[in-house]
Amino acid sequence: MRPEEQALEARFHEALRKDRSRAPEWMTRWDYQEGLKKRKRTYEDGVVSDFFTFGGAPDLLKWMSWFRTDYPDYIQDERITALVDASRVNDERITRSLGLELDKVVYDKRVGLNNAHDHLLPRSYPVPERARIRTVLDFGAGYGRQANLWTTQDPDLCYIGMDAIVNSYCLQHLYYKGLGVPFTDYIDQQGTYQFEHKGGIQHIPTWRSDLIPDGSVDLVMCVQVLPELNSRLVRHMLGEFKRVLKPGGAFYIRDHAYTWKPTDSFDVEQYLAGNGFDLEFRAHIINDVEIHGIPRIWRKVLPEVIASRTRTWKQKLEQAVVDVDTMTGGGFKRTMRKLKGSR
Ligand SMILES: C[S@@+](CC[C@H](N)C(=O)[O-])C[C@H]1O[C@@H](n2cnc3c(N)ncnc32)[C@H](O)[C@@H]1O
């Protein structure tokens, strides 16, 4: 590992050590991978098999190899092709700058397609101006792949990457830096870091989500993350997502919707429905045949939206009058008019 990569890993551990009182053990756990480790399961060669150490830049290609098969794509249109092309150009540049070579043979239908899906789907239908996406929080950000399209397609966008696992966090750092957009990392400014709402990337560990101001985020993304974490952490983060989202802000989830649930049995959807979120979109697709994982978009409730689709007492009363008038063949309203006239 290069000295600067060793220093990066040390900075992550140092930040975690200093912040330990804010970072309980359950908050910094990746339950699924810890389970695999306990069972002494490893992935085949060429794929990261221990996420709890950092192996330097070559781990980036190993992470990319985790996308092991060509993915299905029910969308298949020119928007996807353009995004895959843009994603590939960026990744060629980033990997080259790190002295690595991208596997272009498999790129488009794996990494490229995943990036394109997660960039297109949350923006794929019209929304009111107040719901336009200007700030994004990517929770459990892998090696950082989602920043590829989100930051380069919209230079004004504020993208927040969040993670707590040393391998992922350090790779995100290298990847975000390689993208060449403005980039600030909490672990580089320990003790002085302040969240800034500006175009580019803010990198923050899970245990410092408190640094993101209330009601400041338009979109939270959790792609293939929540089913792999313990329910205490998921509950905590759902509370944080609700806090940081603007009213009406979007929460995009793409995973196997609990058909695959390697940790405990916490039901995210049920929790969201009962805790101030409203389901706006769930693709009616066959999981893993038409797309990998079921895309859903929940919204943090904007009270005016709910009020506008809930009948008021006045509307209920007016309808009751119409119903009685209908039953009496118009007699009810005639009588009421006569009574008013005779006064
Ligand atoms: C299966 S990967 C998905 C990565 C990414 N969302 C993607 O689609 O490429 C799960 C991610 O969750 C992250 N993760 C695990 N435990 C976490 C925790 N306690 N806090 C934040 N992220 C965590 C991992 O480091 C990894 O980045």
**Request:** Please go through region 98-119 and pick out each residue that is free of Cβ contacts under 8 Å to residues at least 60 places away in the same chain and under 13 Å from the mean Cα position of the chain (by Cα).
**Result:** ASN115, HIS119
**Asked** Listed residues ARG2, ARG41; which is more than 16 Å from the ligand (Cβ to nearest atom) and more than 27 Å from the chain's Cα centre (by Cα)?
**Response** ARG2
**Asked** Cβ-Cβ below 6 Å, separation at least six or inter-chain, first residue in region 68-87 and in contact (Cβ under 8 Å) with a residue 60 or more places away in the chain, second surrounded by 13 or more Cβ atoms within 10 Å (Cβ to Cβ) and of a type in the set (Val, Ile, Thr): which pairs?
**Response** PRO72/ILE291; TYR74/ILE285; TYR74/ILE291
**Asked** With respect to GLY142, is the statement that it is in contact (Cβ under 8 Å) with a residue 12 or more places away in the chain, among the small types (Gly, Ala, Ser) and within 16 Å of the ligand (Cβ to nearest atom) true?
**Response** yes
**Unmet criterion (only one of (1) in contact (Cβ under 8 Å) with a residue 60 or more places away in the chain; (2) closer than 26 Å to GLU25 by Cα; (3) of a type in the set (D, E, K, R)) for ASP163** = (1)
**Message:** Restricting to region 145-158, name every residue that is out of contact with any strand residue (DSSP E or B) (no Cβ under 8 Å at 6 or more places or on another chain) and either closer than 20 Å to ARG208 by Cα or near the ligand (Cβ under 9 Å from one of its atoms) (or both).
**Reply:** ARG145
**ARG235, sole failed condition from (1) free of Cβ contacts under 8 Å to residues at least 60 places away in the same chain; (2) under 18 Å from the mean Cα position of the chain (by Cα); (3) buried (at least 16 other Cβ atoms within 10 Å of the Cβ)** = (3)
**Prompt:** Out of curiosity, is THR326 on the phi < 0 side of the Ramachandran plot and either part of a loop (DSSP other than H, G, I, E, B) or touching a Pro at 6+ places or on another chain (Cβ under 9 Å) (or both)?
**Reply:** no
**Asked** Wholly within region 159-231, which strands (runs of 3 or more DSSP E) include no fewer than the required count, namely at least 2 residues that are surrounded by 18 or more Cβ atoms within 10 Å (Cβ to Cβ) and within 13 Å of the ligand (Cβ to nearest atom)?
**Response** 200-205, 217-223
**Message:** So GLY56 passes all but one of these: (1) within 21 Å of ILE204 (Cα to Cα); (2) more than 16 Å from the ligand (Cβ to nearest atom); (3) in contact (Cβ under 8 Å) with a residue 24 or more places away in the chain; (4) part of a helix (DSSP H, G or I). Which condition number does it fail?
**Reply:** (4)
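Table: residues versus (1) among the polar types (S, T, N, Q); (2) more than 16 Å from the ligand (Cβ to nearest atom); (3) touching a residue at least 12 places away in the same chain (Cβ under 8 Å); (4) assigned to a loop (DSSP other than H, G, I, E, B).
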site	(1), (2), (3), (4)
LYS242	no, yes, yes, no
PHE251	no, no, yes, no
THR259	yes, no, yes, yes
THR263	yes, no, yes, yes
ASP278	no, yes, yes, no
ARG311	no, yes, no, yes
ALA320	no, yes, no, no
**Odd one out for PHE266, checked against (1) touching a Ser or Thr at 6+ places or on another chain (Cβ under 6 Å); (2) crowded, with 21+ Cβ neighbours inside 10 Å** = (2)
**Message:** Please verify whether GLY276 is on the phi > 0 side of the Ramachandran plot and surrounded by 10 or more Cβ atoms within 10 Å (Cβ to Cβ), treating the condition exactly as stated.
**Reply:** yes
**Asked** If you go through region 37-60 one residue at a time, do you hit one that is modelled with pLDDT of 85 or more and basic (Lys, Arg)?
**Response** no
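The values are calculated or read from the model by the stated rules, or taken from the named source; none is laboratory data. Keep in mind the model is a prediction, meaning the values are calculated, not measured. Every residue, glycine among them, receives a Cβ derived from its backbone with ideal geometry; neighbour counts consider all protein chains shown.
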